[in-house]
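J.: Encoded as structure tokens, here's the structure I'll be asking about.
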Amino acid sequence: MPEEIDAAATTHAIIDAARANLADDVWDYIAGAAESETTARRNRLGIDSLVLRPRVGRDVSVVDPSASLLGHRLRIPVVLAPIGALEAITHDGGIASARAAERFGTLPVISSVTEPSFEEVAAATPGPKISQLYIRGDAEWSEQLIGRVVAAGYAAIALTVDSAHYGRRERQLRSGWRPPTHRGGAPEPGIVWQARLTWDRLEAMRERSGLPAIVKGIQSGRDAEIAVERGFEVVWVSNHGGRDLDHADATIESLREVVDAVGGRAEIVVDGGFLRGTDVLKAIALGASAVAVGRLAALALAAGGEAALVRVLEILEEEITVAMALLGVTSLSELDEGFVRRAPAIPAASPLLAAFPERANDWPRSSAT
Ligand code: FNR
């Protein structure tokens, strides 16, 4: 871990380091999205199309940015989204995420398609963790998988539902880089099961686990309503970072609809393009309990493993705390819709770089076409 990352003052210094460390094909795996990458850009555009409306004349000398999810305290309202193939990004893969989350004080969501295994990650880190599952087999197959995560002591399960098909990620098609589960040309046969996933199956898995359950990949109020009826405790608004369906809505827009449909009956997580403290506060103002970061966490791990990821979370905490004070609030519960308003965005060159415009021209292969 180079000293300059440990002390990095800004997130873009860490992303610079990630870019320098990563081969082009792995950078493209992380930064890329499906087809024209419009969904990914729209996620950012949605966030950039909200302005913040501060209040003044309030004592903000002490600000508390903490939140909670499923009864677990979060030092800031940011959790780590599941990332597959982390072992290609940092040598200890999912263990680095889990350790960083534990050290900082948030929840990691460990992907079922990352190394090492759920059991090894659990053995390496005692703190609370969520397991994210792709359903890639029959009922017996999922029975076994759920048995494993329950035995390993995971605090909750997150079932991903937005990936009935692996999106056509053109950067990967061009480079030929595949996550290990897709190597050998054709997608892993198990992926077909994701196309067969129904609410009955999801509910059965939720019940079988006996754990609090999250449904990840909800993009409409209609599906949020079903998720609540089916007993899910958390609705996770996500379009998979734009990596599957192209031309989907910005998640910050879907969030409004989902918040209305859920009506306080479940907690809500949102992801897609969140890179800065102000981004996070916009989602909280609209009713999210927490935001998840995908690419930002993956790039931090590429820059300097666990320590760089902790540093990125610290920077987010600093940004959130400063912005809360400037908004005139001392706790997240004071934020509501009145603190945001839709306004034309300043156009961004690419989803990943929108929050770092000064670097838009010097990160190679980053602009979406
Ligand atoms: C992902 N995502 C993902 N989601 C999931 O449920 N299981 C997984 O294994 C993965 N793998 C994965 C790998 C990489 C490299 C990325 C970038 C993303 C999606 C992820 O959890 C999250 O929904 C998005 O990344 C959120 O968008 P941002 O924060 O990346 O813009």
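J.: If each residue of separation counts as 0.36 nm, what is the full-extension length gain between E334 and E318 once their alpha-carbon separation is subtracted?
T.: 3.9 nm
J.: Need one word for segment 186-242: rounded, prolate or oblate. Basis is the Cα gyration tensor (sqrt eigenvalues a ≥ b ≥ c); a/c below 1.5 gives rounded, then a/b vs b/c decides. Write down the numbers at each step before the final one.
T.: On the way: a/c = 1.98, a/b = 1.26, b/c = 1.58.
Oblate, because a/c is 1.5 or more while a/b does not exceed b/c.
J.: For segment 48-62, take each phi angle, set θ = phi - 60°, evaluate the Karplus expression 6.51 cos²θ - 1.76 cosθ + 1.60, and give the result in whole Hz per residue in order, putting x for glycine and proline.
T.: Per residue, the Karplus-derived 3J(HN,Hα) values read 6, 8, 10, 9, 9, 10, x, 10, 10, x, 10, 7, 10, 5, 10 Hz.
J.: Something else about it: By the gyration tensor of its Cα atoms, with a ≥ b ≥ c the square roots of the eigenvalues, what is the shape of the chain: rounded for a/c under 1.5, prolate for a/b over b/c, or oblate?
T.: It comes out rounded by the Cα gyration axes.
J.: Something else now. Sort L296, L173 by heavy-atom solvent-accessible area, probe 1.4 angstrom, most to least.
T.: Heavy-atom accessible area, descending, gives L173, L296.
J.: Extending each Cα 7 Å along its Cβ direction at A124 and L326, get the distance between those two points in nm, one decimal.
T.: The answer from the label model is 3.7 nm.
J.: While we're here: Which order do the peptides 240-249, 4-13, 265-274 come out in when sorted by mean C-beta neighbours inside 10 angstrom, highest first?
T.: Packing proxy ranking, top to bottom: 265-274, 240-249, 4-13.
J.: Under 5 Å between amide hydrogens, which residues at least 5 positions from V78 or on another chain qualify, with H placed 1.01 Å from N in the peptide plane?
T.: Hits under the 5 Å cutoff: V291.
J.: Accessible area of the chain with a 1.4 Å probe: how many percent of it is carbon plus sulfur?
T.: 51
J.: Using modelled backbone amide H atoms (1.01 Å from N, in-plane), which distant-in-sequence or interchain residues come within less than 5 Å of R243's amide H?
T.: A34
J.: Sort 123-135, 222-234 for me by packing, meaning the mean count of neighbouring Cβ atoms within 10 Å per residue, highest on top. Walk me through the numbers before you get to the answer.
T.: Working: 123-135: 20.8, 222-234: 19.3.
By packing density, highest mean first, the sequence is 123-135, 222-234.
J.: Let me ask something else about it. Using the heavy atoms of the protein chains alone and a 1.4 angstrom probe, what is the accessible area of segment 96-201 per residue in square angstrom?
T.: That works out to 44 Å² for each residue.
J.: Mind listing the phi-derived Karplus ³J(HN,Hα) values for segment 282-290, rounded to whole Hz, using 6.51, -1.76 and 1.60 with θ = phi - 60°, and x for any glycine or proline?
T.: Running phi through 6.51 cos²θ - 1.76 cosθ + 1.60 with θ = phi - 60° gives 4, 5, 5, 4, 7, x, 6, 7, 7 Hz.
J.: Rounded, prolate or oblate: which fits segment 52-147 when a ≥ b ≥ c are the square roots of the eigenvalues of the alpha-carbon gyration tensor, with rounded for a/c under 1.5 and prolate only if a/b beats b/c? Display every interim value, and only then the final one.
T.: Numbers: a/c = 2.64, a/b = 2.15, b/c = 1.23.
Here segment 52-147 falls in the prolate category.
J.: Can you order the peptides 334-340, 64-70, 74-80 by their average number of other Cβ atoms within 10 Å per residue, highest first?
T.: My ranking of the peptides, most packed first, is 74-80, 64-70, 334-340.
J.: Rounded to the nearest 20 Debye, what is the dipole magnitude of segment 98-205 about its Cα centre when Lys and Arg each give +1 and Asp and Glu each give -1 at the C-beta? Intermediate values should be presented prior to the final figure.
T.: Details: 13 positive and 12 negative charges, 119 e Å.
Rounded to the nearest 20 debye, it is 580 debye.
J.: Now for a separate question. In nm, to one decimal, how far is the E143 label point from the R222 one, both placed 7 Å along Cα→Cβ?
T.: Simple spin-label model gives 3.4 nm for this pair.
The values are calculated or read from the model by the stated rules, or taken from the named source; none is laboratory data. Model, not experiment: these values are computed from the prediction. Ideal geometry is used to build each Cβ from the backbone, glycine not excepted, and the neighbour counts take in all protein chains shown. Quick note on the areas: whole protein, heavy atoms, side chains included, nothing else; ligands and nucleic acids left out. Shrake-Rupley method; radii C 1.70, N 1.55, O 1.52, S 1.80 Å.
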